[in-house]
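A.B. asks: My questions will all concern the structure given below.
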Amino acid sequence: MDKSRVTTYLSLNQVAVNDLFWSPFMERVRTKVLPYQWKALNDKVPGAEPSYCIRNFKLAAELTHPELDYGVPRDIGFGGMVFQDSDLAKWIEAAAYSLAWHPDRDLEQTLDETIDIICNAQQEDGYLNTCYIINGLEKRFTNLKDHHELYCMGHFIEAAAAYYEAAGKRKLLDAMIRYVDCVDAHIGAEEEKLHGYPGHEIAEMALIRLYAITRDEKHLKLAKYFIDQRGQPPLYFEEETRRNGNAFYWQDSYIKYQYYQAGKPVREQTAAEGHAVRAAYLYSGMADAARLTGDQELLGVCKALYANITKKQMYITGAIGQSAYGEAFSYDYDLPNDTVYAETCAAIALAFFARRMASIEPRAEYTDVVEKTLFNSIISGMALDGESFFYVNPLEALPQASLKDRRMGHVKIERQKWFGCACCPPNLARIIASLGAYVHSANADAVYTHLYLGSEARFSLAGGNLKIKIETRYPWEGQVDISLVPERKTAFTYGLRIPSWCGSFSLKLNGSDAAYTLRDGYALLNREWQEGDKLRLSLDMPVNLMETNPHVRDNQGKAALMRGPLVYCLEEKDNGTELFKLHTGTPHEFKVNYEKELLEGVCVISFTGKREKDWQDDALYRSRAEKEYEDRELKFIPYYAWANRGGGEMRVWINR
């Protein structure tokens, strides 16, 4: 590991986003998604499945402190999934990020009051999980594989860290430190402890984030233990299953304990397997641990897993997790478009993993994927009104198949108000609200710009403070203007990502061609910078007809449209039904038009393609004959915006 290339991403407090594309999404999270999800967490959304989340915490607090009365009947019992606590944690994290760039006294008061309830539920020894507080503390830590105690703890650590960083308040952070102490007292390498680890990962990267605040070696040690103990013989989950008799169907399938990424030690894993969200959360923690400890072997494993995902198991939209069976990876080059699972949370988890790899080594192969997921498979999970959501993000949708074919019952053609398992909506909120922390990273001698968002950022470098301002209409246009304002003349390296989709670009410094070197997808300018320096990066944004590796059976003879970072799709609204009959033909001219009133403003791509004609009779089969086609104007919209004008067919890949 070349430590001179390791960088740290700027915090939200250092970056103010003011972007044509992303600011409306961030405002939507702040003004619509957070209030809507708060109602959902309090079971106040008519027609939506109840969350029970706030109710569970109030009940747990009443049981812990009998003198309290939140108005919840004490015999009502625990409601929802065993991991229900995590929905509230993710909402707190998203709200904290929102406060970092938009102070809101009422929201902060709601957070403080909610944290009071959470802390009132905490046990004397630090334990904090409403499922077991309500159902019986004697059962805690008896089912690490399936009951998500450590997963919920991980999400609450993330929430506590976010609120501490945004508002400087420690109450939830201190509660989580006590909870980690409780877990550490029961789980670990010592003989008297349980030799377990999380069934659903996230605690690994959360503990490392906690370590970054506390610098308590205990937190880093526990994270490393969870990583290295996973999959070691004798297999802990196998022993736990024998004790509890709680085998799930995948344990008798080809996935077995690799569903949990626990079938073998993580250092022996070279292909992404099992539940996609769990996997990418684990890999994120592994990357963090490798960065902090300089563990070359672990970094090598992360690189192999990343390559397997992005080169053999990732959709063109950045979605991962091909199979509804276990919400899992399937096998290399298996990328079906209609039965795909592509959970929103999985794309978010991949963005986490890619961002952490980029922090170790700035390479466009990492940050390109961060961008791809953000612009396509992540924001597709939320309607433009911020009040309905996709759990599954298909690349092809047919209403009657979703309704009548059980293989595609998980695929919806309209976003849902809420879910009984509501992991995706608050996950969306937290990544969009924290977007400013994805733009730049730096070390003492170098600054890197990874994403092109209109923004202003503040850095502290060895040579003094620095401000960088970005102005752009990206992703609709490829021009990016950057102003650098060091407090005094300062020498450092500035790296700008050149996206892999960009065939050509120009880079000017103060109006003249800039001197730069290309390394790993970044244009590097090494010079003494001074106030008034301005860069203009012009990225060519052609319409690209994309094709797939020949090993991918589902896309042979098909093409997809991309322009810039955006994947495009056909919708029934613009192109009629039976989209499978459409062909690209031989496009002579792509027309790109920005339609301000369509879908809150999008660039639309159109060209003259072909539509296969129907037969003259209603025969089901006939002797081979030449197909007949008619010209058809085809209209494509950005994939993220589909299903915002009612349900209907959708298709990313079109016949060539």
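No value in this document is a laboratory result; all are computed from the given coordinates. Computed from a predicted structure; not experimentally measured. Cβ atoms come from the backbone with ideal geometry, glycine included; neighbour counts cover every protein chain shown.
A.B. asks: With a Förster radius of 25 Å, plug the Cβ-Cβ distance of ASP116 and ALA16 into 1/(1 + (r/R0)^6) and report the FRET value to the nearest 0.05.
C.D. replies: 0.25
A.B. asks: Same structure, new question: When the dipole is taken about the Cα centre of the range 5-108, and only Lys, Arg (+1) and Asp, Glu (-1) are charged at their Cβ, what size is it in debye, to the nearest 20?
C.D. replies: Details: 11 positive and 14 negative charges, 69 e Å.
Roughly 340 debye for the range 5-108.
A.B. asks: Right, another one. From a point 7 Å beyond the Cα of ALA491 in the direction of its Cβ, which residues of the range 514-550 have a backbone N at a distance under 15 Å?
C.D. replies: 525-530
A.B. asks: Lys/Arg Cβ at +1, Asp/Glu Cβ at -1, dipole of the chain taken about the Cα centre: which of VAL439, GLY154, TYR197 is farthest positive-ward?
C.D. replies: VAL439
A.B. asks: Given all pairs of different Cα atoms, what value in angstroms does the Kirkwood hydrodynamic radius of the range 440-539 take?
C.D. replies: 13.6
A.B. asks: Multiplying the sequence separation of ILE213 and ASP332 by 0.36 nm and subtracting their Cα-Cα distance, what value in nm do you get?
C.D. replies: 38.9 nm
A.B. asks: If a paramagnetic tag sat 7 Å from the Cα of THR577 along the Cα-Cβ line, which residues of the range 609-633 would have the backbone N under 13 Å from that point?
C.D. replies: Hits in the range 609-633 for THR577 at 13 Å: none.
A.B. asks: While we're here: Quick one: if the Förster radius is 60 Å, what FRET efficiency do ASN593 and ALA307 give, using the C-beta to C-beta distance and rounding to 0.05? Before the final figure, lay out the partial values.
C.D. replies: Working: r = 38 Å, r/R0 = 0.63.
Given R0 = 60 Å and the Cβ-Cβ separation, E is 0.95.
A.B. asks: Sticking with this structure for a sec: Taking the radius of gyration and the Kirkwood hydrodynamic radius from Cα positions alone, what is the Rg/Rh ratio for the range 4-106, to two decimal places?
C.D. replies: Using only Cα positions, Rg/Rh for the range 4-106 is 1.10.
A.B. asks: Between ARG645 and HIS102, what is the label-to-label distance in nm when each label sits 7 Å out along the Cα-to-Cβ direction?
C.D. replies: Result: 2.7 nm between the two label points.
A.B. asks: Follow-up question, since we're still on this one. Measure out, as a whole number of angstrom, how far apart the alpha-carbon centroids of the range 454-500 and the range 42-94 sit.
C.D. replies: That distance is 44 Å.
A.B. asks: Quick one: Cα centre-to-centre distance for the range 189-237 and the range 617-656, in angstrom?
C.D. replies: 50
A.B. asks: Here's a follow-up. What percent does the relative contact order of the chain come to when contacts are Cα pairs within less than 8 Å and at least six residues apart? Could the numbers behind the result be given before it?
C.D. replies: Working: 1348 pairs, mean separation 85.9, N = 656.
Computed over the chain, the figure is 13 percent.
A.B. asks: If you don't mind, there's one more thing I want to ask. Let me have the relative contact order for the range 27-245, percent, based on Cα pairs under 8 Å that are six or more residues apart.
C.D. replies: Details: 289 pairs, mean separation 40.9, N = 219.
Computed over the range 27-245, the figure is 19 percent.
A.B. asks: By how many nm would the segment from ASN246 to ARG527 lengthen if fully extended, with 0.36 nm per residue of separation less the alpha-carbon distance? Before the final figure, lay out the partial values.
C.D. replies: Working: separation 281, 0.36 × 281 = 101.16 nm, distance 6.18 nm.
Taking 0.36 nm per residue and subtracting the Cα distance, the gain is 95.0 nm.
A.B. asks: May I ask which residue of ILE134, TYR281, MET81 lies farthest towards the positive end of the charge dipole of the chain, with charges of +1 (Lys, Arg) and -1 (Asp, Glu) on Cβ and the Cα centre as origin?
C.D. replies: Among ILE134, TYR281, MET81, the one farthest towards the positive end of the dipole of the chain is TYR281.
A.B. asks: Restrict the search to the range 571-639; then list the trypsin sites (Lys or Arg not before Pro) that DSSP places in a loop and that have at most 14 other Cβ atoms within 10 Å of their Cβ.
C.D. replies: LYS596, LYS613, ARG622, ARG624, LYS627
A.B. asks: Another question about this same structure. I'd like to compare 406-418, 426-438: which one has the highest average count of other Cβ atoms within 10 Å, and what's the full order after that?
C.D. replies: In descending order of packing, they fall as 426-438, 406-418.
A.B. asks: Okay, moving on. Largest first, please: the extent of the C-alpha atoms of the range 280-399 along each principal axis, to the nearest Å.
C.D. replies: So the extents along the principal axes, rounded to whole Å, are 50, 32, 23.
A.B. asks: Grab the DSSP H runs of the chain that are 4 residues or longer, score each as -39,500 (n - 2.57), total them, divide by all residues and round the 222 nm result to the nearest 500 deg cm²/dmol.
C.D. replies: Working: 18 runs with 213 residues, N = 656.
The helix-only estimate for the chain comes to -10000 deg cm²/dmol at 222 nm.
A.B. asks: May I pose another question? Beyond 19 Å between alpha-carbons counts as too far, so tell me which of LYS139/LYS193; LYS412/LYS635; LYS44/LYS417; LYS596/LYS635 fall in that bin. Please list the in-between numbers first.
C.D. replies: Values: LYS139/LYS193 16 Å; LYS412/LYS635 22 Å; LYS44/LYS417 12 Å; LYS596/LYS635 16 Å.
Listed pairs above 19 Å: LYS412/LYS635.
A.B. asks: I need the phi-derived Karplus couplings for the range 579-591: 6.51 cos²θ - 1.76 cosθ + 1.60, θ = phi - 60°, integer Hz, Gly and Pro marked x.
C.D. replies: 5, 5, 7, 8, 9, 5, x, 10, x, 9, 8, 8, 9
A.B. asks: For the chain, what does the convex hull of the Cα positions come to per residue, in cubic angstrom?
C.D. replies: Spelled out: Cα convex hull of the chain, divided by residues, is 167 Å³.
A.B. asks: Roughly speaking, what is the stretch gain from ARG407 to SER460, that is 0.36 nm per residue apart minus the C-alpha to C-alpha distance, in nm to one decimal?
C.D. replies: Result: 13.8 nm gained on full extension.
A.B. asks: Taking Rh as the Kirkwood radius computed over C-alpha pairs, what is the Stokes-Einstein D of the range 580-656 at 4 °C in a medium of viscosity 1.567 mPa s, expressed in µm² per second?
C.D. replies: Rounded, D is 88 µm²/s.
A.B. asks: Another one. Can you tally the lysine pairs in the range 440-539 where the Cα-Cα distance is under 14 Å and the two residues are eight or more apart, or on different chains?
C.D. replies: 4
A.B. asks: For the range 65-109, build the convex hull from the C-alpha positions and give me its volume per residue in Å³.
C.D. replies: 111
A.B. asks: With r defined as the distance between the Cβ atoms of ASP75 and HIS195 and R0 fixed at 45 Å, what FRET efficiency is calculated, to the nearest 0.05?
C.D. replies: My answer for the efficiency is 0.75.
A.B. asks: If one computes the Cα centroid of the range 517-539 and of the range 354-431, what distance in Å separates the two points?
C.D. replies: 34
A.B. asks: Mind giving me the nanometre distance, one decimal, between the label points for LYS469 and ARG536, set 7 Å out from Cα along Cα→Cβ?
C.D. replies: Going by the 7 Å Cα→Cβ label model, 1.7 nm.
A.B. asks: So who's got an amide H within less than 5 Å of the one on PHE492, skipping anything under 5 residues away but keeping other chains? H placed 1.01 Å off N, in plane.
C.D. replies: For PHE492, whose amide H was placed from the backbone, the distant partners under 5 Å are ARG527, TRP529.
A.B. asks: More than 16 angstrom separation, counting every C-alpha pair in the range 156-274; what % is that? Mind showing how you got there, number by number?
C.D. replies: Numbers: 4503 of 7021 pairs.
Cα-Cα pairs in the range 156-274 separated by more than 16 Å: 64 percent.
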